[in-house]
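The values are calculated or read from the model by the stated rules, or taken from the named source; none is laboratory data. Just so it is clear, the structure is predicted and the values come from calculations on it, not from any experiment. Using ideal geometry, Cβ is built from the backbone for each residue, glycine included, and neighbour counts are taken over all protein chains shown. Protein only, heavy atoms only, side chains kept; ligands, DNA and RNA dropped before computing areas. Shrake-Rupley method; radii C 1.70, N 1.55, O 1.52, S 1.80 Å.
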Amino acid sequence: MAEAVIPGGTDSYDLAIIGGGINGCGIARDAAGRGLKVFLCERSDLGGATSSASTKLLHGGLRYLEHYEFRLVREALEEREVLWGIAPHIVRPLRFVLPHVPQMRPRWMLRLGLFLYDHLGGRKALPGTSAVDFASSPLGEGLKPGLSVGFEYSDCWVEDNRLVVLNARDAERKGARILSRSACTAARSDAQGWTLTVEGEGGARREVRAPVLINAAGPWAGDVVRHLAGRSPKGRVRMVQGSHIVVRKLYGHDRCFIFQNDDGRIFFTIPYEDDFTLIGTTDRDYTGDPAHVRASEEEVSYLCRAASAYFARPVSERDVVWHYSGVRPLYDDGASAAQTATRDYVLELDPAGGAPMLSIFGGKITTYRRLAEAVLDKIAPLYPPQLRAQIVAREGWTGRAALPGGDFPMRAFDELRRELSEAYPFLAPCDAVRLARYYGTEAASILGKASKASDLGRHFGAGLTEAEIEHMRRNEWANTSEDILWRRSKLGLHLTKEQVGDMDHYLNGLSQVA
């Protein structure tokens, strides 16, 4: 994996994809599983932009009901349990607590919205809504005393970057060619399709031919259409910045809170990485290069103030141990405010000159798999009859087949963790949980025949070993400490600067040997 680009020659594929975020990798997996020969290139790390900067939730979007986006909410609600079923290691159910604030949305409106939320998406495994009395419940821990009642409902959590990587791995297993850190620098079309010029980090180039091109470049989708393909996009990307902050744990229980802010927005506080609380997100229009987006002081202060309005212990900027920010490439529907812009996706097919290009605008991580199916439905008629029939015949397979490491029952995570602890008794309990959570049934292949901790090679802190790093490098396109500590994992929160420096030194030594 993560191989160097080989110069010379032109490779032919059935489908080429620009963009290695969740949409691009999800499409690659679906298409490869239907028998298409697929090529995907990503100019940086897989899932290195928007797909690693989410709130890490698989949710229907309770607030989207206020904007009457019932189709989007229904589709997202249905997908929660589908994704839990195919990836029960990186997806887990969470309970969310929504306090009632008399000065904001009335209680009947919250209850009606949650009734729809419970029934709109055909919920089966997730528990439904219940009422909460904060005076008699431990869920009121740390909250200001003015909050008396609320509601508790279900959604799911996902390790977002790992979802991207697992889709890419499964696509590769099914024959797709996945190249990270390989930029498409030119796209030329003719009556037979597309010729892409792809350049790797070392400057090596290759040419790729495909009859159909998918533009899954996220915030850069408009640039691909205009500058690479030389066409005029019909749809427009509305870039909306979403920032999050991480602070030390605000409360001891395992519930998430969804709070109403006084500006009409909502925000979450989520138990995070055992010792922390994740707070987010903001919504504001963004201009500039999405690669350089950073959480602003204004956004950090906004989230601190929002959390302080609900918790007895105020949250200040000094409490923030980490923050991250991403640009959501929403479809520009002309909405006046960033928070009211649609989260639905739009697929724009441009068949000009016999070289079809399908561009993706909008979308959310929860519905990536359904988006991929919609893409395959849209491009299937562009292929010869035999290949078209093959594409149609395999429709829906991604909702039934487990992602790598997810081949165990959706409710059996604790059993998997116990088996791992019994097979490798030298593992600390927290490390057994993390390895099972990240790798599922593949955790044992990382640990191999180890009978003691030293068998896993050098230890870098927080349970991270040489054996695990080698797995990430060999199988997950991870090259740098940022890939490893902040995308494939969030272990950067637990390591000291000296430990990170040791790891950088180790990785530099490996790159020099290579």
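Given the options 214, 229, 145, identify the residue whose Cα lies farthest towards the positive end of the charge dipole of the range 116-259 (+1 on Cβ of Lys, Arg; -1 on Cβ of Asp, Glu). After comparing all options, I get 229. Given a cut-off of under 8 Å on Cα pairs at least six residues apart, what relative contact order in percent is computed for the range 88-220? Reported as a whole number, the value is 22 percent.
Sort the range 400-497 into rounded, prolate or oblate with this rule: let a ≥ b ≥ c be the square roots of the eigenvalues of the Cα gyration tensor; rounded if a/c is under 1.5, and if a/c is not under 1.5, prolate when a/b is larger than b/c, oblate otherwise.
On the way: a/c = 1.67, a/b = 1.23, b/c = 1.35.
It is oblate, given that a/c is not under 1.5 and a/b is not larger than b/c.
Provide the percentage of antiparallel DSSP beta bridges, counting only those with both residues in the chain; round to the nearest 5.
Of all bridge pairs located within the chain, approximately 75 percent are antiparallel.
Using +1 on the beta carbon of Lys and Arg, -1 on that of Asp and Glu, and nothing else charged, what's the dipole of the range 371-513 about the Cα centre, debye to 20?
On the way: 18 positive and 20 negative charges, 59 e Å.
For the range 371-513, the charge dipole is close to 280 debye.
A simple charge model with +1 on the Cβ of Lys and Arg, -1 on the Cβ of Asp and Glu and nothing else charged puts the dipole of the range 250-349 at about 280 debye relative to its Cα centre. Have a look at 175, 112, 316 and report the one farthest towards the positive end of the charge dipole of the chain, computed about the Cα centre with Cβ charges (Lys/Arg +1, Asp/Glu -1). Going by the Cα projections, it comes out as 112.
Relative contact order for the range 127-166: what is it in percent, counting Cα pairs under 8 Å that are at least 6 residues apart? Write out the running numbers ahead of the final one.
Values: 28 pairs, mean separation 19.3, N = 40.
With pairs under 8 Å counted, the relative contact order is 48 percent.
Using a probe of 1.4 Å, the accessible surface attributed to residue 465 totals some 10 Å² when neighbouring protein chains are kept in position.
Take the Cα radius of gyration of the range 262-326 and divide it by 2.2 N^0.38 Å, N being the number of residues; the result is 1.16. Each of residue 11 and residue 207 was given a label point 7 Å from its Cα along the Cα-to-Cβ line. The distance between the two points is 1.6 nm. Roll a 1.4 angstrom probe over the protein heavy atoms and tell me the percent of accessible area of the chain that is carbon or sulfur. Of the solvent-accessible surface of the chain, carbon and sulfur hold 51 percent. On a per residue basis, the range 118-246 carries 37 Å² of accessible surface, using protein heavy atoms and a 1.4 Å probe. Taking the three principal axes of the alpha carbon atoms in the range 221-361, the coordinate ranges are 62, 27, 26 Å, sorted in descending order. Each Lys and Arg contributes +1 and each Asp and Glu -1, all at the Cβ; summed about the Cα centre of the chain, the dipole is approximately 780 debye.
Just to be sure I understand the rule: take each whole DSSP H helix in the chain, project its Cα atoms onto its long axis, keep it if the span is 18 Å or more and its mean Kyte-Doolittle hydropathy is at least -0.5. Which ones pass? Present the calculation step by step, with values, prior to reporting the outcome.
Numbers: long enough: 70-86 (24 Å, 0.01); 107-120 (19 Å, 0.39); 160-173 (20 Å, -0.81); 497-513 (24 Å, -0.77).
Passing helices, by number: 70-86, 107-120.
Counting charges near residue 31 (Lys, Arg +1; Asp, Glu -1) among other residues having Cβ under 11 Å from its Cβ returns a value of +2.
Taking all protein chains as they are arranged and a probe of 1.4 Å, the heavy atoms of residue 322 leave approximately 50 Å² accessible to solvent.
Accessible surface ranking for 287, 129, 480, 1.4 angstrom probe, highest first: 287, 480, 129.
Taking all protein chains together and rolling a 1.4 Å probe, residue 469 ends up with roughly 0 Å² accessible. Rounded, prolate or oblate for the range 22-92? Axes are the square roots of the Cα gyration tensor eigenvalues, ordered a ≥ b ≥ c, and the cut-off for rounded is a/c under 1.5. In terms of gyration-tensor shape, prolate. Panel values: the range 103-215, Kirkwood radius from alpha carbon pairs, Stokes-Einstein at 4 °C and 1.567 mPa s, translational diffusion coefficient 65 µm²/s.
At most 14 other Cβ atoms within 10 Å and a DSSP loop assignment: could you name the trypsin sites (Lys or Arg not before Pro) in the range 439-486 that fit? Each step should come with its number before you reach the end.
On the way: sites: 449, 452, 458, 473, 474; in loops: 449, 452, 458.
Hits after loop and neighbour filter: 449, 452, 458.
Using equal-weight Cα scatterers in the Debye expression, the normalised intensity of the range 205-245 in log10 at q = 0.15, 0.31, 0.33 Å⁻¹ is -0.49, -1.18, -1.22.
Each Cα pair under 8 Å and six or more residues apart adds its separation to the average, and for the range 194-348 the resulting relative contact order is 25 percent.
At a 1.4 Å probe radius, which order do 100, 292, 471 fall into by accessible area, largest first? Intermediate values should be presented prior to the final figure.
Working: 100 35, 292 125, 471 10 Å².
So the residues, ranked largest to smallest area, are 292, 100, 471.
Taking every Cα-Cα distance in the chain and sorting them into 20 Å bins from zero, the calculated P(r) comes out as 22, 56, 21, 1 percent. In the full protein context, the range 372-514 carries 49 Å² of accessible surface per residue, based on a 1.4 Å probe and ignoring ligands, DNA and RNA.
Sorted from longest to shortest, the spans of the Cα atoms of the range 313-443 along the three principal axes equal 62, 48, 23 Å. When the residues 274, 350, 263 are ordered by accessible surface, computed with a 1.4 Å probe over the protein chains alone, the sequence from largest down reads 274, 263, 350. Helical content of the chain, expressed as a calculated mean residue ellipticity at 222 nm, amounts to -8500 deg cm²/dmol (DSSP H runs of 4 or more residues, -39,500 (n - 2.57) each, divided by residue number, nearest 500).
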